[in-house]
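Here's the structure, in structure tokens; my notes come after.
Every number here is computed from the coordinates shown, using simple stated rules; none is lab data. As the structure is a prediction and not an experimental result, all values here were calculated from the model. As a convention, Cβ positions derive from the backbone with ideal geometry for all residues, glycine included, and neighbour counts pool all protein chains shown.
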Amino acid sequence: MTRRLLPAVRSATAVRGLVTTLAALLATTAASAPARAHTEPKAPKDFVALSSVDATIIQEIRYFTRHNFVGERVDGYRQPMCILTRPAAQALHKAQKQLLRRGYSLKVYDCYRPQRAVDHFVRWAKDLSDQSMKDEFYPRVDKTRLFADGYIAEKSGHSRGSTVDLTLVKLPAKPTRPYRPGEPLTPCYAPKDQRFPDNSVDMGTGYDCFDTLSHTLDPRIQGEQRANRLLLKNTLENLGFVNLAEEWWHYTFKPEAYPDTYFDFPVSRRSLTGHR
């Protein structure tokens with residue numbers, strides 16, 4: 001004989017069934033919903049694309065390419081563009097106007113650098129088995145010395161947004177052929193016609209040369225090479241930039257807008273979205 005369920009029992013059974021159905025539906029929905037996209041940090045409002053302040057300054061962003069001491073594109077460089085705090089960019093614009101009248105243009109190799117890129121440098125420096133770019137960028141320096149000698153550090157002024165690596169190009173600018181990964185490398189301090197071709201003037205060494213010859217006022221650098229370094233140095237220092245004595249290409253605009261902040265937003269136009 002079939003036993004009839006009492007009303008209270010039927011009600012409890014229905015509720016349990018409803019709860020089970022809802023739980024299954026929620027689990028299915030959660031499993032099928034796409035994961036939330038990771039929100040990248042954005043640049044503060046007073047960071048700008050250099051090209052929006054001065055489109056005539058040449059840009060060759062080396063860390064977006066494989067032609068650098070790491071030998072691969074560096075973390076955080078999503079686009080080959082220069083981002084700086086507005087005061088630093090405006091000061092470069094003033095320098096460019098002066099140099100154009102003398103037949104030269106500025107060329108930037110690196111500007112704002114995210115902390116994740118600096119972390120990439122640190123990982124690379126600790127990997128002593130990776131010596132693929134040694135013959136060009138640090139031929140006379142043992143890789144175990146990169147931290148002790150100050151070539152690599154865990155923090156960089158570039159991440160504060162007012163530091164730039166740059167050089168001079170004699171106008172009209174000639175094109176520079178692209179780097180071919182795996183091609184033979186030449187020491188960065190070799191004569192200019194033997195080094196990797198760069199359309200810049202002769203500064204005595206190439207960019208990012210880990211060598212004492214890169215010291216801006218090294219007495220071994222004389223003649224045209226010294227004159228080129230001094231032209232860059234005098235032009236920029238008269239407009240508020242300060243040179244790092246160990247690197248002829250490295251300048252910081254003072255006073256810095258963010259002297260104690262190390263940013264990590266990617267190098268991309270998206271990082272500047274919403275800026276005016």
Most exposed first, judged by fewest Cβ atoms within 10 angstrom, D119, D260 run D260, D119
Least to most buried among E183, E60 (fewest other Cβ within 10 Å first): E183, E60
The chain - percent relative contact order, Cα under 8 Å, separation 6 or more: 24
Mind checking which of R195, R101, R86 has the largest fluctuation in a GNM of the chain, springs on alpha carbons under 10 Å? R101
For a test of the definition: using alpha carbon positions, the gyration tensor, and the 1.5 limit on a/c, classify the range 47-272 as rounded, prolate or oblate. rounded
Could you go through the range 175-188 in sequence order and give the Karplus-derived ³J(HN,Hα) for each residue, using 6.51 cos²θ - 1.76 cosθ + 1.60 with θ = phi - 60°, rounded to whole Hz, and x for Gly and Pro? x, 10, 5, x, 6, 10, x, x, 5, x, 9, 10, x, 5
Rounded to the nearest 500, what is the chain's calculated 222 nm mean residue ellipticity when only DSSP H runs of at least 4 contribute -39500 (n - 2.57) each, over all residues? -8500 deg cm²/dmol
Only Cα pairs within less than 10 Å get springs; with that Gaussian network setup on the chain, which residue of L50, L166, L244 has the largest fluctuation? L244
Filtered hits (aspartates and glutamates, Cα-Cα < 16 Å from K94, offset >= 8 within chain) -> D54, E237
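Which of Y138, Y63 comes first, and how do the rest follow, when ranked by fewest Cβ neighbours within 10 Å?
On the way: Y138 22, Y63 27.
In order of increasing Cβ crowding within 10 Å: Y138, Y63.
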Here the range 135-143 yields Karplus 3J(HN,Hα) values (6.51, -1.76, 1.60; θ = phi - 60°; whole Hz; Gly and Pro given as x) of 4, 9, 9, 8, x, 9, 10, 6, 4
Tell me the angle of helix 7-32 to the major Cα principal axis of the chain, expressed in degrees between 0 and 90 and rounded to the nearest ten. 20
